[in-house]
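Shown next, in structure tokens, is the structure this report addresses.
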């Protein structure tokens, strides 16, 4: 499919419908240059790209979801500043993963060892490195089975060592590890650990009950 018609189709995607029903997926694919053009034309949207070049458009967050992201991101930033093991990144950060997809987790951490692989010029582009740790937070419009597949097929399969899927709707947290194991924490009355991946990092889920 030619770039122009596909871009036009995506640009006309109804934002209110995306906000209510969740991500909108294209029927055609874009190359990296076309994808960059789409992102530049719509900075108000979160846009991800699948391994086959198709894209997903996501609407801006509702108030609660934005609050959850801020709480997790703030704790991760504070950890990074205190321990000096790497840097934390916001949900606006795009990672170009080994399978060709481009993903933007709700929060992420990259070690200095990984960051050192990037030149100053590469740091001004989508990162072609894999974060050691990521967090995804389910919003009202997110389909839980789709998010679970994303955690395993996009994040763990591409090299993420520890990934949290936090579900405020059901107050559950799914913890995905590099060895393929998945643990489930029930309730927001407990503290999550960064384990060996982020030694010393803890997140109190009670922060998401406000």
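The values are calculated or read from the model by the stated rules, or taken from the named source; none is laboratory data. Keep in mind that what you see is a predicted model, and the values were worked out from it rather than measured. Every residue, glycine as well, gets a Cβ built from its backbone with ideal geometry; the counts of neighbours run over all protein chains shown.
Residues that are surrounded by fewer than 20 Cβ atoms within 10 Å (Cβ to Cβ), more than 22 Å from residue 161 (Cβ to Cβ) and within 18 Å of the chain's Cα centre (by Cα) are absent from the stretch 96-116 altogether. Take the residues in the stretch 47-65 that are touching a strand residue (DSSP E or B) at 6+ places or on another chain (Cβ under 9 Å) and assigned to a loop (DSSP other than H, G, I, E, B), then tell me which one is nearest to residue 153 (Cα to Cα). Ranking the candidates gives 50 first.
Within the stretch 90-109, residues that are more than 16 Å from residue 39 (Cα to Cα) reach partners that are at pLDDT below 95 and in a loop (DSSP other than H, G, I, E, B) with beta carbons closer than 6 Å, at six or more positions or on different chains, in the pairs 99/51; 100/51; 106/91.
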